[in-house]
Amino acid sequence: MTQPTLGEVVDLVHTWYPPATAEGWDAVGLVAGDPAEPVRRILVALDPVAAVVDEALAWDADLVLTHHPLLLRGVHAVTADDPKGAIVHRLVRGGCALLASHTNADVAESGVAEALAELLGLRDVRPVVPDAEGATGAGRMGELPAPLTLRDLAAHAAAVLPPTPQGVRVAGDLDALVRTIAVLPGSDDTRFAEAAAAGADVYVSSDLKHHPVSEQRERARLGDGRPFVLDTAHWASESPWLRVVAARLTAELAARGHDVEVRVSEQRTDPWTARVASPGFP
């Protein structure tokens, strides 16, 4: 058994999640690391934050694969007294590379949206907004095995998603029966019309703001009130993909004759620590 080079691992990840499919504003790909160096251990995480770097360096990882980019917005320096610069310095000193697959992993097969759809138990999964080939595209939608009330769907989502202080917020008739679910993990309030046109009963995303959801509910009331809305925690909605990509890396690298350890980060990088409910609400 041998170790692949960092360049080989990057090429493999890019085969699954091509950078060309990322949104124009995104910043994906290799952030730090020498493509010629061997890779023995890969840590998969959602966020490139200090706690994840601590874990990676303590484990002697050679690569951290994250969903969220470290340098999403333009920077002019990566000095060690800057939070993001400090992470770059620590990774380089520790001989650990950093690779990000963000919106390119959202739209792909076996990507972030598919992982959430599968976690919720949806069947006949397909893109909400398909690309030219129809197999990939923005979001995923599918059917529950049997109809549930909106209340029970929200409870199911809260039970299967990683626990967070936020839980799941709901907009809509809690007693309405629903079956066709559209999932847009991360933060996406731009696909309500497409989800409605595709017949979604419920729209699931994260970090949803007051005005887009209010406007959606007003539009929906002109019809039968659908799609209703579930707002999940951002970290929770995207975390299911970590185990998917870790399993893919483990299987494919072993099939190529490489001896590489891959594990999912144990860090909970959801930034919220508590929720205090208003009187009268659970």
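The values are calculated or read from the model by the stated rules, or taken from the named source; none is laboratory data. These figures come from a predicted structure and were not determined experimentally. Every residue, glycine as well, gets a Cβ built from its backbone with ideal geometry; the counts of neighbours run over all protein chains shown. With ligands, DNA and RNA removed, areas are computed over all heavy atoms of the protein, side chains included. Shrake-Rupley method; radii C 1.70, N 1.55, O 1.52, S 1.80 Å.
The table for this structure:
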read-out	value
Of all accessible heavy-atom area on the chain, the percent that carbon and sulfur account for (1.4 Å)	54 percent
C-alpha center-to-center spacing [the stretch 153-218, the stretch 109-133] in angstrom	15 Å
Charge dipole (debye, nearest 20) of the chain; +1 at Cβ of Lys and Arg, -1 at Cβ of Asp and Glu	500 debye
Bridge type composition, the chain - antiparallel percent by DSSP, nearest 5	45 percent
Selection from 108, 150, 162 lying farthest towards where the dipole of the chain points positive, charges on Cβ	150
DSSP-loop chymotrypsin sites (Phe, Trp or Tyr not before Pro) across the stretch 1-78, with at most 12 other Cβ within 10 angstrom	25
Relative contact order, percent, the chain [alpha-carbon distance under 8 Å, six or more residues apart]	19 percent
Estimated inter-spin distance, residue 54 and residue 131, nm [label 7 Å along Cα→Cβ]	3.8 nm
Candidate residues 55, 23, 118, 266: accessible-area rank, largest first, probe 1.4 Å	266, 118, 23, 55
Efficiency of FRET between residue 266 and residue 23 - r from beta-carbon atoms, R0 30 angstrom, step 0.05	0.55
Surface accessible to a 1.4 Å probe, per residue, for the residues of the chain, Å²	48 Å²
Between 0 and 90°, nearest 10: helix 210-221 axis offset from the chain longest Cα axis	40 degrees
25 °C / 0.890 mPa s Stokes-Einstein diffusion coefficient of the stretch 88-241, Kirkwood radius on C-alpha pairs, µm²/s	155 µm²/s
Positive-end residue of 7, 129, 33, charge dipole of the chain with Cβ unit charges	129
HN-Hα J in Hz across the stretch 150-158 - Karplus 6.51, -1.76, 1.60, θ = phi - 60°, x for Gly and Pro	4, 4, 5, 5, 4, 5, 5, 4, 5
Sites matching trypsin sites (Lys or Arg not before Pro) across the stretch 58-151 that sit in DSSP coil, with at most 10 neighbouring C-beta atoms within 10 Å	73
